[in-house]
Amino acid sequence: MHMKLPHNELKSNSKLWSRMAQQNAVQQTPFWYNFLLICLKPLYRWKIKQRAESDALFQQECLERFGPFQPPKNLNTIWFHVVSVGETNAAQPLIEHYLKLGHSVLVTNTTKTGQARAKSLFSEKYPTLFQAVYLPVDQKPLLKQFFELYQPKLLALVETEIWPNLIAQAKQQQIPCILLNARLSAKSAKGYGKVRRLTQPMLQQLTWLLAQDIATQQRYVDLGLDQSKSQVVGNIKFDISAPTSFIEQAEQLKQEWQLEKRQIITLASTHAPEEEQLLKQLQTHLNSNPDLLCMVVPRHPERFDEVYKICQSLNLNTQRRSLKQPIQTDTQVFLADSMGEMWLWYALSQACFVGGSLNEPGGGHNILEPMVLDVPTVIGPRYFNFQSIVDEFVAEHGILIGTDAAQVVQQLLSCLDDRIQTQQLIEQAELVLQRNKGSLQKHIQLIDHYLEFKALS
């Protein structure tokens, strides 16, 4: 699909960018906002100290957040700002695309887990081109120093991570600032609406916005974004595919562990009390059907032992991945207590439940990974973190939603028993996946457009 680029009728000449940059002088952030940041700084420093694993790491993080900053590996980088793990994963194919082409990339994060994820994806593979540091605190002098030190050629903010002084500073430095894969819930929009004097100038200073859906675009427009600087291109998260290594490994394990006859249900990314609730409902079925196998993948590693104890208390024969225990013919529960192998467990599944959707407050996790592998998917009722994605599948009858643990288990078992219904579910999900493909390409097209712009200025 051909993408309508911003101002695509404009001629490529070197005066173009400076003309655009002069439009709308930089709007200053309100005094109260900057004063509040000064007041909160000691508290922020204390929070960093609380969670730092060592004094050296605390010092390091403070240097990156408050300056003086890490020396840059490269100047004129493409700068991606991602909050945490989810945003880093969403931006991965985009970042990878530019690194492969030989562009230098700077990634900033606001969380420790996000930074760890970014480094694990790119540091080894692109040691000279890639650098990851924390985003400085949103104060004018710090950001001015940061921009002057790193001299990026483009700033790409991912999903909902907007900071007033950061965007104002990009404008000041005449650097295109784009919000990618933008999403905004009704709840967040309400929050931003309460500080309109802060929100409106910030949105007006964005160069361009690519929204996941029409509802998001409209919320940003209602808050002050100029509609002509935005576009709905779908969600970049849809452009994923399962790594072939995991699919091959799954085939291997099927042979090794003799899983051909087994009926495998996976409870993925679960939170307390989901494991206990669901396993209690599954207990009688696991005891009466020797072919039935339940794989449990808790979301947080610190809960692995707790979940193992739950399995033991229900007298379910349980093997653990961390102990390299294979699945045996009498295994009822397989505790997948490892990191980074979710694709493998999905590839072995015949039905799955995606967690974080039965618990309180919930919010849900990514349903696209099992969908891509044609695994029938069931979730609980609290999926607001992925509202727009789930809504699309609901509209096409490509997902099952259970109100409680009993209904979720009933739906999972019916996926195993009723193959015609299950096939229909898979086909409907496939429709949604196909319809949303292509967002990644549209993102690349837009970034390329501004890189060209910048090269000419």
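Scan (1) in contact with a Lys or Arg (Cβ under 9 Å, 6 or more places away or on another chain); (2) of a type in the set (A, V, I, L, M); (3) closer than 30 Å to CYS352 by Cβ; (4) modelled with pLDDT of 95 or more for the single condition VAL233 breaks and write down its number.
(4)
Looking only at residues that are touching a residue at least 40 places away in the same chain (Cβ under 8 Å) and touching a strand residue (DSSP E or B) at 6+ places or on another chain (Cβ under 7 Å) in region 161-170, which one is farthest from GLU87 (Cα to Cα)?
Only one residue fits best here, namely ILE162.
Give the residue, chosen from ARG299, ARG262, that is assigned by TED's automatic domain parsing to the domain that holds LEU358, charged (D, E, K, R), in contact with a strand residue (DSSP E or B) (Cβ under 8 Å, 6 or more places away or on another chain) and within 30 Å of LEU184 (Cβ to Cβ).
Selected residue: ARG299, the only one of ARG299, ARG262 that is assigned by TED's automatic domain parsing to the domain that holds LEU358, charged (D, E, K, R), in contact with a strand residue (DSSP E or B) (Cβ under 8 Å, 6 or more places away or on another chain) and within 30 Å of LEU184 (Cβ to Cβ).
Here is a check on your reading of the model: is ASN8 more than 30 Å from the chain's Cα centre (by Cα) and either at pLDDT 80 or above or not assigned by TED's automatic domain parsing to the domain that holds LYS119 (or both)?
Against the criterion (more than 30 Å from the chain's Cα centre (by Cα) and either at pLDDT 80 or above or not assigned by TED's automatic domain parsing to the domain that holds LYS119 (or both)), ASN8 qualifies.
If you take the residues in region 117-142 that are part of a helix (DSSP H, G or I) and touching a helix residue (DSSP H, G or I) at 6+ places or on another chain (Cβ under 8 Å), which one is farthest from TRP79 (Cα to Cα)?
Filtering region 117-142 for residues that are part of a helix (DSSP H, G or I) and touching a helix residue (DSSP H, G or I) at 6+ places or on another chain (Cβ under 8 Å), the one farthest from TRP79 (Cα to Cα) comes out as LYS140.
Applying the selection to region 367-395, what residues are of a type outside the set (A, V, I, L, M), touching a helix residue (DSSP H, G or I) at 6+ places or on another chain (Cβ under 7 Å) and in a loop (DSSP other than H, G, I, E, B)?
Correct list: ASP374, PRO376, GLY380, TYR383.
Looking at ILE236 and the list (1) within 19 Å of PRO376 (Cα to Cα); (2) buried (at least 20 other Cβ atoms within 10 Å of the Cβ), which single condition is not satisfied?
Here ILE236 clears every test but (1).
Would you be able to say whether some residue in region 317-331 is within 20 Å of HIS365 (Cβ to Cβ) and among the small types (Gly, Ala, Ser)?
Scanning region 317-331 turns up no residue that is within 20 Å of HIS365 (Cβ to Cβ) and among the small types (Gly, Ala, Ser).
The values are calculated or read from the model by the stated rules, or taken from the named source; none is laboratory data. Everything quoted here is computed from the prediction, not taken from an experiment. Neighbour counts are summed over all protein chains in view; Cβ atoms, including those assigned to glycine, are modelled from backbone coordinates with ideal geometry.
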